[in-house]
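S.K.: Sending over a structure as C-alpha cells; questions will come in a sec.
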Amino acid sequence: MSAETIEWLNANSLIGFTAQRGNAWHYREGSNNHFEGPIPVERVMALLDVPLVEGTVSVTVNDEDGNKVTIPADDRKAIVRLDTREVFEFFKGGYQIHHYDQWLRQRLDTLLHGGLQFGSAILLKGGAVAAVQVELPDTREASSRGAEPVKHRPHVTAATSSNGSMATDYWRGTKIWVCDNTLAEARSEKGALHHKVRHSRNSLARINDIRADLDLLVEETGDEFDNFIRELTAKHVSDQKFEEVVKAYTGVERAQEGRSKSIAQNKQAALLDLWRNDERVAPWRNSAWGVLAAFNTADHHLLAQKGDVAKRVERNELRELTGDREKFDNNVLRLLETV
C-alpha cells in the first residue's frame, strides 16, 4: 500500500471494533485510523469538522460589444469546502447545508441510547459525502441449521452530502463479521426503517420526526436480521443450482469470445472458488445464505478491484450509502428464485 493511500485512509476513514470484525477490514487499515474498541468521540468530531460555507454566485459573459459583463445569480448559492477551496455544487437559494458534526454526530447523540458507540466514520468525494455508524460492543450470532452461526453486528447509519448526491439519511443494517460486508435487506424490504431529510430551509424542524419514522433500536434490528439469516441458511441450494445461478449472472455461455468471455469466466471462477473453498462462504455452502454470501463477498472484495485501495474504499462505501449494495443483494436472491 502506497504512502499516499495510507495518508488518504488516515485522513478520511475511521474503523472501530476491529477486534469484533474478523480480518476482512484490513484493506482499509491506515497507520492510525483503527481501534479495537469504539472510535473515540473526539476522533469522530475531528473527522467531521469539515468547514462548509455558502458562497455567492455570478456569471461572466461577453456582451454584444465583446465586453465582459458579470451578472449576479442572486437565486443561486455555491457550497464550498473552505479549507481546500473546493466548490462542491451550485444550488437554488433554498438549499440548506447539513453540517456533518450536527447531523451525523449530535443528532445521533440525541436519538440513540442504550450503549451505542461509534463503529465507523468516513468522508468520501473529497469531503462532499460523510457517514457514521453506531453499534453495540457485542457481536451477535444467528444460529443456522447444520452450519456455523453467522456472526453479525447490527448498526444504525447516518449519512449526508454537500454536493446534492443524497439527502441526509438514517437507516438500520448489519455488518457480517467474517467478510466485513454490510447487509441492508431490511432497509428496502421492510417499512419505516429509514428516514430521509432533504436539504431544505425547514429541514432543521424535521429532526423530531426521525424517531417517529425510524425505530433506532439496534437490538430489534439484530432480531430481524437473525430471523432473515436463519431463513436463508435453512433453504437448501445444490451445487448444480449454484452453478446455474453463476452462469446466469455472469452470462458466460452468451459472452463473445475475447475480452468479454475472459471477464465472464474470471467472475465464474471467483464465485465457484468462494462457494467451495473460502471461509467467508464455504461454511454455509448449499444454502441460500451461502449464495448471498458468495455474491456479496465477490462484489465487495474481488470483482471490482480497479484502481488503488482508496478508490476501492470509496466505491464500496458509496454503494452502501446509495443503496446499490442492497439492490445487488436483492437481485441475487431474485435470481436464485428464478433460475
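Quick note: the coordinates plus some simple rules give every number you see, no bench work behind them. Everything numeric in this text was worked out from a predicted model, so none of it was measured. Neighbour counts run over all protein chains shown; Cβ positions are idealised from the backbone, glycine included.
S.K.: What is the calculated FRET efficiency for L333 to S58, with r their C-beta to C-beta distance and R₀ = 51 Å, to the nearest 0.05? Before the final figure, lay out each step's value.
M.R.: Values: r = 51 Å, r/R0 = 1.00.
So the FRET efficiency works out to roughly 0.50.
S.K.: Give the percent of DSSP beta bridges with both residues in segment 1-120 that are antiparallel, rounded to the nearest 5. Write out the running numbers ahead of the final one.
M.R.: Values: 17 of 18 bridges.
Counting DSSP beta bridges with both partners in segment 1-120, the antiparallel share is about 95 percent.
S.K.: Still on this structure, please answer the following. Can you sort D65, D83 from fewest to most other Cβ atoms within 10 Å of each residue's own Cβ? Don't skip to the end; give the middle numbers.
M.R.: On the way: D65 6, D83 11.
By the 10 Å Cβ count, ascending: D65, D83.
S.K.: Which order do E29, E257, E141 fall in if you start with the one that has the fewest other Cβ atoms within 10 Å?
M.R.: Values: E29 17, E257 7, E141 14.
Ordered from fewest to most neighbouring Cβ atoms within 10 Å, E29, E257, E141 come out as E257, E141, E29.
S.K.: Here's something else I'd like to know. Please arrange K68, K267, K327 by how many other C-beta atoms lie within 10 Å of their C-beta, fewest to most. List each step's numbers first, then the result.
M.R.: Details: K68 8, K267 19, K327 13.
Sorted ascending by nearby Cβ count, the order is K68, K327, K267.
S.K.: Diagonalise the Cα gyration tensor of the chain and give the resulting equivalent ellipsoid semi-axes, square root of 5 times each eigenvalue, largest first, whole Å. It would help to have the intermediate numbers written out before the result.
M.R.: Values: eigenvalues 289, 132, 75 Å².
Result for the chain: semi-axes of 38, 26, 19 Å.
S.K.: Can you give me the angle between helix 259-277 and the longest principal axis of the chain, using Cα atoms only, in degrees from 0 to 90, rounded to the nearest 10?
M.R.: Approximately 60 degrees, to the nearest 10.
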